[in-house]
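What follows is a single structure, written as structure tokens, with notes after it.
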């Protein structure tokens with residue numbers, strides 16, 4: 001194995017030298033540090049890989065703070081951390097002669113879905129109308145998929161899943177405190193940085209995105225740019241993280257519950273500052289649903305109290321109601337732009353029905369459909385994405401990619417419905433209920449946006465996949481003393497005593 005290590009170091013050194021000479025010296029230096037870290041952690045078995053993965057999960061909302069822009073692709077510092085994690089895992093498996101994953105711990109159906117997803121994005125890249133853009137996008141998609149795969153395998157341990165939930169809450173605290181403090185003081189507390197090929201660095205510290213309301217002409221300041229996250233990304237993170245806070249409120253008592261309630265209120269305030277109509281609607285509806293129990297009277301009381309809370313929020317944000325109602329106003333600019341881009345995406349998919357126009361090309365292939373902008377009296381723009389995940393996948397990946405992506409995102413939901421309503425294996429509300437609700441929330445938000453580029457979304461996907469894999473089939477008969485682990489899961493026992 002010493003010989004294998006030597007070959008690995010030589011190969012990596014040559015690759016880093018080539019990148020330093022022909023791509024970017026900065027990237028080469030960073031990769032050199034990554035290689036040194038991999039060598040250190042690999043020879044320090046007492047250093048727990050779980051902690052590195054949890055650190056990467058915690059830093060997920062901060063992934064855009066520092067970005068290196070090259071002529072080939074945009075690189076985040078967090079990607080270098082994950083590169084080190086991937087390399088350590090691969091080397092460890094090579095040493096143990098365990099390169100292939102244990103098939104008993106991964107459902108065969110999940111393997112097929114993952115394979116179909118990878119096939120879909122590869123075909124879309126191969127038959128792209130602009131290969132350069134598609135290769136750049138392919139790198140991002142593969143990075144996010146590998147990250148999901150690592151977390152999925154690790155989260156099949158209950159203790160690790162519980163630690164992920166705690167990390168999500170800590171990350172949520174950092175996000176909402178930074179957002180609220182930055183908005184209150186009018187100064188970006190954590191700006192983002194962009195490094196360009198010539199070496200100069202641009203600091204992005206603009207905290208507001210102003211927008212004029214159609215009816216009143218009032219100008220609203222939407223929070224934007226905190227930790228490198230735009231308005232939509234902030235809303236996505238809150239939708240996911242707040243559900244973990246919601247779960248902790250149910251599980252805690254006394255002062256701890258009060259602190260979680262305060263954090264939940266901070267989530268509501270932060271989400272309101274985004275003025276995102278779809279996110280606010282999804283947030284309130286799904287959080288109310290999680291409160292429902294078996295008593296119709298209590299459920300009715302919950303609805304009444306929730307309705308009474310709406311005027312309180314509107315009194316704090318007086319322009320919020322008008323912003324919500326603008327979705328019904330045909331004169332509102334963003335609504336018309338969304339509609340035009342949906343029409344363009346539909347047509348692009350039909351024109352390239354098998355493999356689409358290529359990853360990342362949906363926003364840069366509008367010349368053939370310029371008449372639609374003229375028809376709705378809008379300026380042609382390539383800067384806006386499709387604002388609908390399904391239509392963007394349809395346009396970029398065609399029928400093959402759309403089928404694979406729909407299988408990928410809906411499998412955990414189908415599995416949850418089967419466990420709860422058909423097999424009836426989930427007797428009470430569990431962590432799985434809250435996690436799948438957060439997952440559904442971000443998927444519903446995807447109907448007006450696209451968060452497939454966010455690490456937080458893929459982390460949530462990995463978690464719900466792990467939860468769905470933890471329970472045996474209702475057809476499985478367990479003998480006394482048998483454990484799920486022996487049947488291919490990794491949670492404790494026939495009676496499903498796992499916390500979720």
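List of remarks:
- Relative protection proxy for 458-469, 54-65, from highest mean packing down: 458-469, 54-65 (other beta-carbon atoms within 10 angstrom).
- The length gained by stretching the chain between residue 173 and residue 129 to full extension, at 0.36 nm per residue less their Cα-Cα distance, is 11.5 nm.
- Note on residue 354 and residue 215: their simple-model spin labels are 5.1 nm apart, each label 7 Å out from Cα toward Cβ.
- The length gained by stretching the chain between residue 301 and residue 406 to full extension, at 0.36 nm per residue less their Cα-Cα distance, is 34.1 nm.
- Peptide ranges 264-270, 238-244 listed from the most packed, as the mean C-beta count within 10 angstrom indicates: 238-244, 264-270
- The distance from the alpha carbon centre of the range 158-230 to that of the range 237-258 is 22 Å, rounded to a whole number.
- Under the shape rule built on the C-alpha gyration tensor, where the axes satisfy a ≥ b ≥ c, the range 366-435 is prolate, since a/c reaches at least 1.5 and a/b is greater than b/c.
- Ranked by the mean number of other Cβ atoms within 10 Å of their residues, highest first, the peptides 75-81, 305-311 come out as 75-81, 305-311.
- Listed by Cβ neighbour count within 10 Å, with the fewest neighbours leading, 255, 415 appear as 255, 415.
- The label-point distance for residue 285 and residue 364, in a model that sets each label 7 Å from Cα toward Cβ, rounds to 3.5 nm.
- Note on residue 376 and residue 447: the model spin-label points, each 7 Å out from Cα along the C-beta direction, lie 1.8 nm apart.
- Within the range 225-256, backbone nitrogen closer than 18 Å to the virtual label 7 Å beyond the Cα of residue 202 toward Cβ: 225-231
- Full extension of the segment from residue 69 to residue 10, taken as 0.36 nm per residue of separation minus the current Cα-Cα distance, would add 18.5 nm.
Just so you know, all these numbers are worked out from the coordinates, no wet-lab data involved. Please read these numbers as outputs of a predicted model, since none were measured by experiment. Reconstructed Cβ throughout: ideal geometry from the backbone, glycine too, with neighbour counts over all protein chains shown.
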